[in-house]
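Heads up, the thing below is written out as structure tokens.
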Amino acid sequence: MKRSLSLFSLALIALLGVGSLLVSSPKVQAADPSPKAEGPVPVEPDMHEFMEYVFQPTFKRLKPAMAEAPVDNAGWKVLKEGSLKLAEGGNLLLARVPKEDSADWLKHSVGVRDFGGKFYRASQAKDFATAKKNYESMVQSCNACHHQFAHGEHILTP
């Protein structure tokens, strides 16, 4: 009886010790370039790099898919995936507002997000005519921004 009580006591002590480690251990957080900053903090400060790796690959996959209406679910998935990524990319642009012409930047970014969102919703509904109209409007928002902030470089064709 004494031995089983000792084993029970040891097990209880071990369990409490492990439990206290779990409760008091520091929280693991992802690397953050500015740990004290609240809200979104850009990881890549160079806008060209950001565009090249966030927007460009999605646009390049989406562009040929927009040539004609998808014939199956796999085709619609390409449109839904691409439109959602680009729409959410518009939200990412809102975390990168430049000091100069910030109102225009916000207008272009919201245009990408909003037209991209409409493009996504139309793709969900499998309404190609509406999806194409909003895709083209989204690209116009991109180009308006490129004209103003990239000195007319990187103009896209829908």
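The values are calculated or read from the model by the stated rules, or taken from the named source; none is laboratory data. Just so it is clear, the model here is predicted, and its values are computed rather than measured. No Cβ is skipped: glycine too gets one built from the backbone with ideal geometry, and neighbour counts run over all protein chains shown. We work out accessible area using only protein heavy atoms, side chains counted, and drop any ligands, DNA or RNA first. Shrake-Rupley method; radii C 1.70, N 1.55, O 1.52, S 1.80 Å.
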Roll a 1.4 angstrom probe over the protein heavy atoms and tell me the percent of accessible area of the range 80-158 that is carbon or sulfur. 53 percent
Dipole magnitude of the range 49-89 about its Cα centre (Cβ charges: Lys, Arg +1; Asp, Glu -1), debye to nearest 20: 80 debye
Return the distance in nm (one decimal) between the two label points of a simple spin-label model at Lys133 and Ser102, each offset 7 Å from Cα along Cα→Cβ. 3.5 nm
Starting from the residue with the highest accessible area, list Arg61, Arg113 in decreasing order, probe 1.4 Å. Arg61, Arg113
Charge dipole (the range 78-125, unit charges on Cβ, about Cα centre) - positive-most of His108, Ser123, Val97: Ser123
Using 0.36 nm per residue of separation minus the Cα-Cα distance, give me the extension gain between Glu153 and Lys63 in nm, one decimal. 30.6 nm
From the backbone phi of the range 86-94, what are the Karplus-calculated ³J(HN,Hα) couplings (6.51 cos²θ - 1.76 cosθ + 1.60, θ = phi - 60°) in whole Hz, Gly and Pro given as x? 5, 5, 5, x, x, 5, 5, 5, 5
So what are the ³J(HN,Hα) numbers for the range 53-65, from phi and the Karplus equation (6.51, -1.76, 1.60; θ = phi - 60°), rounded to whole Hz, Gly and Pro as x? 9, 9, 8, 4, x, 5, 4, 5, 6, 6, 3, x, 5
